[in-house]
1. So which aspartates and glutamates pass the test for B:K450, namely a Cα distance under 18 Å, with those fewer than 8 places away in the same chain ruled out?
2. Run the numbers on the range B:666-695: which residues show a drop of 20 Å² or more in accessible area, chain on its own versus all protein chains together, using a 1.4 Å probe over heavy atoms?
3. Which helices of chain B meet both criteria: a Cα extent of 30 Å or more along the helical axis and a mean Kyte-Doolittle score no lower than -0.5, with helices taken as whole DSSP H segments?
4. Can you pull the mean other chain C-beta count within 10 Å for peptide A:182-189?
5. Between the range A:242-283 and the range A:111-173, how many Å separate their Cα centres?
6. Kindly report the accessible area of the range B:659-764 per residue (heavy atoms of protein chains, probe 1.4 Å, no ligands, DNA or RNA), in Å².
7. Determine the share of the range B:329-449's accessible area contributed by carbon and sulfur atoms, expressed in whole percent, with a 1.4 angstrom probe.
8. Taking beta carbons within 10 Å but only from partner chains, what does the mean come to for residues B:747-753?
Amino acid sequence: MTPFELEEPVLLGAALALLDPEDSSVRAIAGGTALMLMMKSGLYRPRRLVSLRKLAPALDGVRSAPDGGIEIGAMVRLSDLRRSAVVRAAAPVIAETLLTHSNVRVRNVATIGGNLAQGDPHMDLPPVLIALGASVRLAGPGGERIVRVEDLLTGYLETVIANNELITAVIVPPQTGWRTAYAKVTARSADDWPALGLAVSVRVEAGIARDARIAIGAATETAMRLPGTEALLAGRAIDDALLQEAGRAAAAEAPVVADHHGSASYKRVLVAVHLGRALRQTIAGAER
Amino acid sequence: MSDATRVSSGQIGRSLPRVEARAKVTGAAEYIHNLRLPGMLYGKICRSTVPHGRILRIDASAAAAIPGVHRIVTAEDIRTVIAEPYYGPAFHDQPILAEGKVRHVGEPVAVVLATDPHIAEEAAQAIVVEYAPLPAVFDEIEAMNSAAIVHDILKPAGTFPDLKHLAGRSGTNVALDFHLRRGDTERAFAAAEHIFEHSFRTQQVMHTPLEPHVSLADAADGGVTIHSATQTPSFVRIEIARLLGWPENRVRVKTAFLGGGFGAKVYVKLEALAVALSLLARRPVKLALTMEEQFFTISKHASTFRIKSAVDGHGHITARQCQVFYNGGAYADIGPRVAQKSGFTATGPYDIPNVAIDSYEIYTNRPPAGALRGFGVPQLVWAYESHTDLIARALGRDPVEFRRRNLLRDGAPQATGTVMRDAAISAVLDRLAARLAWDQPFDRGAGTLKRGRGLAIGFKASISPTTSVATVAIAADGSCILYCGTVDMGQGSTTAMAQIAAEALGIEAEAVRVVAPDTDVTPYDMGTLGSRSLFHMGNAVRLAAQDARDKLAALAAETGVPPGANLPISEQFRRKYGMQAGTIVGAGSYIPAYAPPDSATGLTPNATPFWMVGGAGAEVEIDTETGRVRVLRLVNVADAGTPINPGIVETQLTGAAIMQLGFTLFEEMQFTDGQLRNPSLAEYKIPGIRDMPDRIEAETVDSAQQSGPYGAKGVGETGTFAVSPAIANAIEDAVGVRISELPITAEAVYRALRRAAGDQLEDL
Ligand SMILES: Cc1cc2nc3c(=O)[nH]c(=O)nc-3n(C[C@H](O)[C@H](O)[C@H](O)COP(=O)(O)OP(=O)(O)OC[C@H]3O[C@@H](n4cnc5c(N)ncnc54)[C@H](O)[C@@H]3O)c2cc1C
């Protein structure tokens, strides 16, 4: 590691001004759990790091929105998110996902903003947030824009966030009528990053899937929705035959790639099996 | 005073908590990683990026220009301080820095010395090395007949008579071939009722001690002190003295607690390089590897095992042929010994009259392989216990009954011809079957979750012949210091040795202080490896303590203390010296008897001082839709002789079994064209708490090693032996498919299920 500048601005405007639209060796640092690994391995050599630590008061906290949704500050640490009563009430799947996410040492410093900005396809939260229909607030020199999480991530370690933009919050819309389940499938140790992350949200009325949002991560180049499978489910009566059909459709639709965790054909099998299981779980929840 | 008249102070069989526990838990314990010396430089290694190639050019100009860089060192510089810079315990084949060519990815090529480790690292990355690639070979079977030759000429160390015939051999990748023949296998196969033949493979894995390798050398005043996280301080001293042409007494090797070893830190690893760097820089030099660098330093052999058995009409195994190929990587390390010693037991713990064993250590262009908790034996047990289960199933015999029928019993000769003694093989199998309630019905699961159970049993000959020496000093106040070179790397040896010394002296273990290995202070010991220490060093410690006790008795007699007077030791010293003065030193040296194998037949009447026996039973649950294996219960039963410290023995067995569980289910160094794809703990996964079986149990059977200290023998490796085949056997029991290659990933099981259903998973 070679020397670099470390800035710790207290105001968002100052932080944005310290970032450089053209120079990716200037970056924000939040929990540092992803960034420090890249720095240690020589993958990333910063010229300047802009710490968001002192901005935390403004970017912290989980709030209930008037519409019944929630807004999560970008600097909220994963362990706080896991414990948040607001989160547990509005979107319990987030808290459940964090139970098996990394480990307590990482969760105690890693932030939700850093998690999304990293653009790592092997993360657990992006598919969950996509299935919940979540968006992020992006602040830039020209003001604020709101981007859906599914549009945020564009490829392996790639996002639409400009060099001089920051995530300030994550917005989760109200989930009335929706049930969400997340399947984290590991191929090696149970303590591993996911080989496949599959998040399923459905709105069920009288045994009919009115609407579905299905998001896949880890097994694909980037977290994404599977619109074909969603369409197949919409308006159909839920039974074992449909779940199997949906599993097959998702396995065919998802652009699954091979990696350390396993071959593409095996991961397709995992998609088919776990889509059915996750759907069953959401429905069981809906009927409770 | 003879041992027989000694009064026990109750130290044996006592689960004394580890003496260093408090220091470790409070963070007070010292590790070499924390050590800094004034004026010290940090070295960072620039490593090969190709698996096999000629070095055309090393351009270090950019690196040297970085402020804070002290010096760049290459093989040429090493030669100015060490004339013949090649080392290794069996072969002198490993260059301190690559000379002319590289033989594996990650091989050290150059070193940056700097005052700051981060600068050293930055500079190491700035060194440009150009290579002309050479044909490379990675698979052990291909390497047997490959045009790609890893070493132009074999260079066995002169110290081993049985390696002499290999000297100067060229055009081969076979570093060592061991052959054993007993009986007439050909005739037995011709007469056999049934013949079974299978092939099994294991993958290359890493030791993963949580403290990576670290050595700090300080050459000054015509001598050198090496602070090193090593399991073999005496060996390091001798090997460094040989490299430098110095007497042993000018080389001092000191250790501290090791953060794990598992065989990764045996023989010379970083020490020769650190010494050369310190001699060149005339300053202390520290080399501390990262976790990532460990993958390129030492590993466990991948292997292929072809096994063939003849069985008669009564279910007796009449002959067995074993061909074992160990993938040694680019440097032999202790691999030739792994191939030979494990070769002794390749036919398994069975009474088989006709056996033929061929065991090979093979060079390839992978990172080197050495000893890892079992010395090749877990690879063997994986094959012969999978094979044994397959035979039992094919013959429609119960796996326990079939094993019992063929088991090797005390008094019978084993494959090498050595007659078995103090090996509780039957007892281990019986207790395993009892614990698993083998004769009771078993819940086989339902729906897509199928359950099965399996067991396996393995054994190992201890490395031999090896020596341990210990001294015990009794101070004038009666307190006791034990000087022994056994390295405590978490296995609890300090505690056990204190217990043995205390028992011999008739005092409490808490009253014994054990001095950490320091070759200027602690006497010779062959090394802390191969589960040898409790037996060998334990015997030496007992002898040393008995010697001290005899001298105390003589002192008592000399000062006129009547026998049985129970006078405090301090009072006896006072009587002799008139004040608190004097020391009594007891010495003990132990080397067991051994007979080397006959060079023609591989047979020997005395292959080992003791046998280690380990059995495992597993209950598993398979998700038939995904192939996921859950180990519900893992039972380990061992013959550890009479445990000195039952608490430590239990954690050794359990710890070893968990380590082997990782090697069984998912750990794997994955290569593409010799490039390691997963050299980090992010992509190389070791077991975590959520991988633990729901139930994990350990038991030692009633037994005593007559030649051991107070009936004890080694146990550090035993828990690894049988875990992998027990799990594979349980999987077949559950879902009817046989996995013959490690690791047993969910994908491997799933693919086997699909194959068995005649519906192979297509790769798109
Ligand atoms: C040992 C280990 C295990 C892990 N296991 C898992 C796992 O099981 N599942 C999983 O999903 N993840 C896992 N992770 C990844 C972990 O979730 C991420 O490292 C973490 O969420 C990143 O957050 P951070 O705050 O530390 O980001 P940082 O490292 O600080 O930053 C990451 C990136 O985001 C940028 N950034 C940070 N904050 C902002 C912001 N507000 N606006 C714009 N850009 C920003 C930074 O510039 C940087 O490029 C693991 C990580 C480790 C180290």
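The values are calculated or read from the model by the stated rules, or taken from the named source; none is laboratory data. Please read all numbers here as calculations on a predicted model, not as lab measurements. Ideal geometry is used to build each Cβ from the backbone, glycine not excepted, and the neighbour counts take in all protein chains shown. These area figures cover heavy atoms from the full protein model, side chains too; ligands, DNA and RNA do not enter into them. Shrake-Rupley method; radii C 1.70, N 1.55, O 1.52, S 1.80 Å.
1. Partners found: B:E619, B:E621, B:D623, B:E625, B:D694, B:E732, B:D733, B:E747.
2. B:F666, B:Q670, B:R677, B:A682, B:E683, B:K685, B:R690, B:D691
3. Working: long enough: B:533-558 (36 Å, 0.14).
Once both thresholds are applied, what remains is B:533-558.
4. Working: counts 0, 0, 0, 3, 6, 8, 16, 12.
Per residue, the average neighbour count from other chains is 6.
5. Comparing the Cα centres of the range A:242-283 and the range A:111-173, I get a distance of 25 Å.
6. On the way: 3930 Å² over 106 residues.
Heavy-atom accessible area per residue stands at 37 Å².
7. Numbers: 1560 of 3140 Å².
Summing carbon and sulfur atoms, their accessible area is 50 percent of the total for the range B:329-449.
8. The mean count of partner-chain Cβ atoms within 10 Å per residue comes to 3.
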